[in-house]
Amino acid sequence: MPAPRLLVIEGNNADGRALLKAAGGRAPSEGYAELLRELLPKAAVDVCYPADPGANLPDSAGLESYDGAVITGSALHVYQRGPHVDPQIELTRAVLAAGTPLFGSCWGLQLITVAAGGSVRRNPKGREIGFGRRIRLTAAGRGHPMYAGKDEVFNSVTVHLDEVETAAPGTQVLSSNLMSTVQSAEVRYGQAVAWGVQYHPEYTLADIAATLRRYGKTLIDEGFFPDEVNLLAYSKELDAVHADPGIKWLAWRHALDQMILDKAIRVKEISNWIVHQVQPTRAQRGRQ
């Protein structure tokens, strides 16, 4: 049987990726691809860049050849539309039309929502960054396979300024917290099923530390940090816990529990997607 094939759809344009790398981070698609190869050994993982002018994108027939696709986060705003956004909405609809299992993180959930007929807005409560606290499963979420092995209330790595305003038809909200009513959802569109989360189960602490540095002055202006010295000190501590999750005093200072420190638990939503969406679809298509 052929090796599993997965597609990572990078949400940032080239400028956004460059800013993350300048802050000591990596493009979100790089980290996502690395995680998928770990969760599904021997998988062939391709990356596409629909926000870049002239990017080569798979057509509908090509999308059916993938066993699953994921959409990364992004610094873009879906409601601003334009040449960096519209191709991503079109590609998302094409993935849904192909019936290929789809998972979206943050921007990915927002893209799926708009592609399926919902809307996204700037969160009137402001930015949620660092860690999404007390995300609580809804009644539907408690019985949903995406959350198998996950606590009913949990924290997760996050960064977002926008949120789902109006859920698309066919949406089932799976979790919420005080910052956003839709922290995760299942979206049914035609015969397609997509899972999306507003937070970032795929992010490491090093990824969020780099994101803090990437936004820099914006976070100071928004009142998250009094100055750059404090911002850099905070990000340095997150980098330290990433390197050694056993540093108890730092984990305690940042209220980091096993939901974040234990990688197997932190990425449960994605590993469950592979088990409950990717592998069954692969079998139905006669690939295993």
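What follows is calculated from the coordinates using simple rules that are stated; it is not laboratory data. What you see is a predicted model; the values in this text were computed from it and never measured. Counting neighbours? That spans all protein chains shown, and the Cβs are built from the backbone with ideal geometry, glycine included.
Taking label points 7 Å from Cα along the Cα-to-Cβ direction, Q284 and K263 give a separation of 3.1 nm.
In this structure, the amide hydrogen of Q198, modeled 1.01 Å from its nitrogen in the peptide plane, lies closer than 5 angstrom to those of C106, S184, counting only residues at least 5 positions away or on a different chain. Averaged over residues, the count of other Cβ atoms within 10 Å places the peptides 74-82, 97-105 in the sequence 97-105, 74-82, highest first.
Applying 0.36 nm per residue to the separation of R136 and A3 and subtracting their alpha-carbon distance, the gain on full extension is 44.2 nm.
Rounded to 0.05, the FRET efficiency of the E64 and V153 pair, given R0 = 35 Å and the Cβ-Cβ distance, is 0.35.
Distance from the alpha carbon centroid of region 160-207 to that of region 208-259 works out to 24 angstrom.
Database remark: amide H of A69 closer than 5 angstrom to the amide H of L7, L102, F103 (H placed geometrically; neighbours at sequence offset of 5 or more, or on other chains; Pro and chain starts carry no H). Counting other Cβ atoms within 10 Å as a rough exposure proxy, the listed residues W252, W273 run W252, W273 from fewest neighbours to most. Annotation: for a label point projected 7 angstrom from Cα along Cα→Cβ of I89, residues of region 175-192 with backbone N closer than 18 Å are 189-190. DSSP finds beta bridges in region 1-154, and of those with both partners inside it, around 15 percent are antiparallel.
Starting from the Cα of R121, move 7 Å in the Cα-to-Cβ direction to define the label point; list residues of region 82-112 whose amide nitrogen is under 19 Å from there. In region 82-112, the label zone of R121 (backbone N under 19 Å from the point 7 Å along Cα→Cβ) covers 107, 109-112. Taking other residues whose beta carbon is less than 15 angstrom from the beta carbon of K125, and scoring Lys, Arg as +1 and Asp, Glu as -1, yields 0. Counting only DSSP beta bridges with both residues in region 71-200, the antiparallel share comes to about 80 percent. Pairs from the table (K21/K150; K21/K125; K248/K268; K217/K248) lying more than 27 angstrom apart at Cα are K21/K150; K21/K125; K217/K248. Beta bridges assigned by DSSP with both partners in the chain are antiparallel in approximately 60 percent of cases. The distance from the alpha carbon centre of region 93-111 to that of region 6-58 is 15 Å, rounded to a whole number. Between the beta carbons of I247 and Q80, assuming R0 = 41 Å, the FRET efficiency works out to 0.55 to the nearest 0.05.
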